[in-house]
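Shown next, in structure tokens, is the structure this report addresses.
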């Protein structure tokens, strides 16, 4: 389960960075094409909403990963302590 959490965190980090970069590029391109700020915000509303939701996902993901990591360490320590 910890490996799944770590893998999903790495994939999520990559996707969040890519989505953020794409959003910035699209915003810059639309502004350079002569669109008003309102038109740009309207066009990019769902994209920016998706990026915001991805950022909120990290708030849930990080504690789960930390808890699983602590459980793994406790498991290793108890195996070493009681294996003798």
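Any read-out appearing in this document is the output of simple, stated calculations on the displayed coordinates, not a laboratory observation. Quantities reported herein were computed from a predicted structural model and do not represent experimental measurements. When we count neighbours, we look across all protein chains shown, and the Cβ atoms used for this are built from the backbone with ideal geometry, even at glycine.
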Of all the residues that make up segment 1-12, how many are surrounded by 12 or more Cβ atoms within 10 Å (Cβ to Cβ) and either on the phi > 0 side of the Ramachandran plot or free of Cβ contacts under 8 Å to residues at least 24 places away in the same chain (or both)? 0
Could you count how many residues in segment 16-49 are in contact with a helix residue (DSSP H, G or I) (Cβ under 7 Å, 6 or more places away or on another chain) and exposed (fewer than 12 other Cβ atoms within 10 Å of the Cβ)? 0
